[in-house]
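The structure appears below as structure tokens.
The values are calculated or read from the model by the stated rules, or taken from the named source; none is laboratory data. In this text, all values refer to a predicted model and were calculated from it rather than measured experimentally. Counting neighbours? That spans all protein chains shown, and the Cβs are built from the backbone with ideal geometry, glycine included.
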Amino acid sequence: MGNDFKLHVPDTISVLKSLVRDSPSVSIKARDDSPSPPNTTAITLAAFQKIVEYQPEEYTITVEAGAKVSDVISILAEQGQYFPFDPLFIDKDSTIGGIIANGYSGPGANRYGILRDFIIGLSFIDGQGNHIKTGGKVVKNAAGFDIPKLMVGSRGSLGIITESTFKVFPLPQAYKTILFRFDSFEKGHTALLALGRSQFTLDALDLDSKGTLIIRLSGQAASIDTRIQALETMLGSTHDPLSRDKPFWQVPLNLQSYPKTGLLLKIPNSPTAIAEIDAKLAPNCPHRRYSIGGFVSWIYSESEVNDLSQSLKELDLSAQIASGDTLEQVIGTDHPKAFYNRIKQALDPQQKFIALYPKTPSST
Amino acid sequence: MTPFLEKLRQLYPSDRLYEDEARLTPYVSDGLTVFRQKPVAVVMPLDSDEIVATLKLCHEFSVPFVARGSGTSLSGGSLPIDEGIVISLNRLNQILSIDPDNRTARVQPGVINAHVSSAVVQHGLYFAPDPSSQSVCTIGGNLAFNSGGAHCLKYGMTSNHVLGLKVALPDGEIVHLGNDSLENVGPDCVGLFVGSEGLFGIALEIQLRLLPIPESFRTILASYESLEAAGEAVGTVVASGILPGAMEIMDKLAIEAAEAAVNAGYPRNAEALLIIELDGEAAAVEAEFTALSTAIEQTQAKEIRIAQDNEERLLIWKGRKSAFSAVGRLSPDYLVQDGVVPRSKLGEALKEISRLGSEANLHVANVFHAGDGNLHPLILFDGKESGALERAENLAGKILRLCLKLGGSITGEHGVGVEKKSFMPEMFSENDLEAFKRIRQAIDPREISNRGKMLPGNEAPALSHSGPHPLEQAGLISRM
């Protein structure tokens, strides 16, 4: 970005629509330090922070995309409710539109599902400047194409999210986070798989690269100690409590704020694949955390993007770049994008929004 | 059409290609029997290659097709298309693999919903979506219409239990969506495909997410003096911060019919019945049960019963799941809607439905998923009576408009299909529908894949009275 960089702050939907219509290239600037593609009209949704509708008894909340995630979490908590997908990276800048576009769900998503399982309505501006409303405001709805889900993880490549409705749940009465330390990564991984198949309904089930299981239970306070005893019986080992002032997702990899340097990757994978991933990435990636019951790997590395991409290709995996000084969005195995490309053509025919897969030629 | 049929005959032997009246007749309607349409032909592919070859032919000749499983759609979703063919997927009924450690199963589209859970029970796992027709409906249909069931508030719909797909697009191109994880890199294309009502092609292989069977259940029956009181009780439970696996309400007509049909042990003198089920770890369920009992005591329940063992629990559910066909037997014909209202508007909605029913001089029974505001008003009528079907349809339309007015949706789990597409412009703006159409045309430029469903535009075929579906008469399916 040069000296002529200008950040647009539209304050109405019609100004936002005009900006999209009148600009050859548009991007949403989510954070002050996020890299912006050159020669684009950079927009912030800082003027769109309203809570549009919140009736706690409905278990739904509708908010504008520029609303701060931390504010929304506080508003929900005042009514004894929460986002069960456990949004990540909730620093001062994190917005609702940002967590949808990036698809950030945390360890706590293990119990009820990830962000895409809780998004039920969404409005957005498409590449032609149309304001489109999809989904609904009730917890169950099967009318029309499920565009709210499509937008999760789209990283702004299909449209500018302006408003969204989420399903929310009652906040559990009590939480407890505990650690089970195993003497090898392999033993920890085996325990993770066994717990995933078990009847334990764990709020969070994560594994670190040393073989420590990080478990969070939630529910009625009266039941938690009994449930921990049952866990100890099953695992044949005793737990370490984690102190309250040290939130568990900071151990060992901090998923609460972006690292200042290096690359942070999100890799979707199957829980059994973790052993191979850990063995392959250990030499170049000092911090590795296997989250959401082992379905997602968070990997921190100071290596070159291309080297990491090559390692992922050898594992036949793709990764989303969560943070790092690069304009690359997705690295690793380059799966054919025929379906996505057709959707992109429908919603952004003039390619005004970012290209998610810059190296993939259109197949249509 | 002749050159197309000639090529189709080269693809299929005559025992898997139906062109004669007698063999086409069972396919003229699905679970929504008021619509009928004869297809040009029905084909029964045995594998993905045959499906792809069929789609390429349809694309070449611009012949529309509908993929069909067991034909239990309640919105006319699998109704044949004029001048089109039906691709029957019942022979693609293999569970391809089960991976207990990753809690997934890879299945073909013709696999029956309940067969997935029976195949994985030995691993302590199950497939969560449980539409009432689960003993006959197929995964392909569940996927196309994002089917629900009684446990959606806590566990979500079909969409929340599908991880990856191998899909044949309407022109025969094969694409892979999603992966083996709960998470994605890039947009959630699986999420878009699920619930697209067959407009994006045919799913050839489906990677399903499985859940561990809960360790413990607690099922409570509470009876009330009025539907409104039962609705208020749901509000009290919700406010107590407990998240039940299911919350269902039945009205007097439904209770009596279910009792007569399966003797579920429901209190017969109740005006309304609330079923609440807790599930999870034994210790957690017991603690929740204590909290739930306290909450229920604050409501005006006439009587509270608790299932003492699994047998009693299953009987309660048997009554609930058979309620619709049981009520249906009280009347020669019925229509069922599945509109959704905000939970706090349930009382208002039920009162208005009752008023509209009286106005139309039609009986309406109510059995519904109270936890997520998903109504299922069952409109009883006699199709042989002149004008009765039109009156019932008219009432159904008023109920859908009521749901929209109260801030809800025209469908919670049955889908739009043919039946509700004329209501789409009342739920979505022209702009929104235009975006749906652009996406549809990008995936299927010739609009051959289940043409005439979901998106308004083409006229629906005329209504006709044809009585219950043969499967329904046999007691195999119910409309919920």
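Couple of notes before you dig in:
- Among residues of segment B:265-279 that are free of Cβ contacts under 8 Å to residues at least 60 places away in the same chain, those with a Cβ under 6 angstrom from a residue that is assigned to a loop (DSSP other than H, G, I, E, B) and among the acidic types (Asp, Glu), sequence gap 6+ or separate chain, pair up as B:Glu271/B:Glu225.
- Filter result (farther than 20 Å from B:Leu314 by Cβ, polar (S, T, N, Q) and surrounded by fewer than 18 Cβ atoms within 10 Å (Cβ to Cβ)) within segment B:93-144: B:Asn93, B:Gln94, B:Ser97
- Condition met for B:Gly84 (in contact with a strand residue (DSSP E or B) (Cβ under 6 Å, 6 or more places away or on another chain) and assigned by TED's automatic domain parsing to the domain that holds B:Arg23): yes
- Restricting A:Asp278, A:Asp325 to those that are away from every other protein chain (no Cβ under 14 Å), within 25 Å of A:Leu202 (Cα to Cα), in contact with a strand residue (DSSP E or B) (Cβ under 9 Å, 6 or more places away or on another chain) and not basic (Lys, Arg) reduces the list to A:Asp278.
- Hits in segment A:117-138 (condition: more than 7 Å from every other protein chain (Cβ to nearest Cβ) and either without any contact (Cβ under 8 Å) to a residue 12 or more places away in the chain or under 22 Å from the mean Cα position of the chain (by Cα) (or both)): A:Phe118, A:Ile119, A:Ile120, A:Gly121, A:Leu122, A:Ser123, A:Phe124, A:Ile125, A:Gly135
- Elements of type strands (runs of 3 or more DSSP E) in segment A:249-351, at least 1 residues being free of Cβ contacts under 8 Å to residues at least 60 places away in the same chain: A:263-268, A:296-301, A:318-323, A:330-332
- Annotation for segment B:125-142: at least one member residue is within 14 Å of chain A (Cβ to nearest Cβ) and over 16 Å from the mean Cα position of the chain (by Cα).
- Residue within segment B:377-400 that is within 19 Å of A:Asp146 (Cβ to Cβ), within 14 Å of chain A (Cβ to nearest Cβ), modelled with pLDDT of 90 or more and crowded, with 19+ Cβ neighbours inside 10 Å present: no
- Entry remark, segment B:95-150: residues being outside any strand (DSSP E or B) and hydroxyl-bearing (Ser, Thr, Tyr) number 6 in total.
- If you go through segment B:266-324 and keep only what is farther than 16 Å from B:Phe217 by Cα, of a type outside the set (Asp, Glu) and part of a helix (DSSP H, G or I), you end up with B:Thr294, B:Ala295, B:Ile296, B:Gly319, B:Arg320, B:Lys321, B:Ser322, B:Ala323, B:Phe324.
- Scanning segment B:60-76 turns up no residue that is free of Cβ contacts under 8 Å to residues at least 24 places away in the same chain, closer than 21 Å to B:Pro109 by Cα, out of contact with any Pro (no Cβ under 6 Å at 6 or more places or on another chain) and not polar (S, T, N, Q).
- For segment B:177-197, the condition of being outside the structural domain of B:Val52 (by TED's automatic domain parsing), surrounded by fewer than 22 Cβ atoms within 10 Å (Cβ to Cβ) and modelled with pLDDT of 95 or more holds for none of the residues.
- Looking across segment B:164-173, just one residue is at the interface with another protein chain (Cβ under 9 Å from one of its Cβ atoms) and part of a strand (DSSP E or B), and that is B:Val167.
- Some residue of segment A:179-201 being within 13 Å of chain B (Cβ to nearest Cβ), in a loop (DSSP other than H, G, I, E, B), over 30 Å from A:Pro241 (Cα atoms) and touching a strand residue (DSSP E or B) at 6+ places or on another chain (Cβ under 6 Å): no
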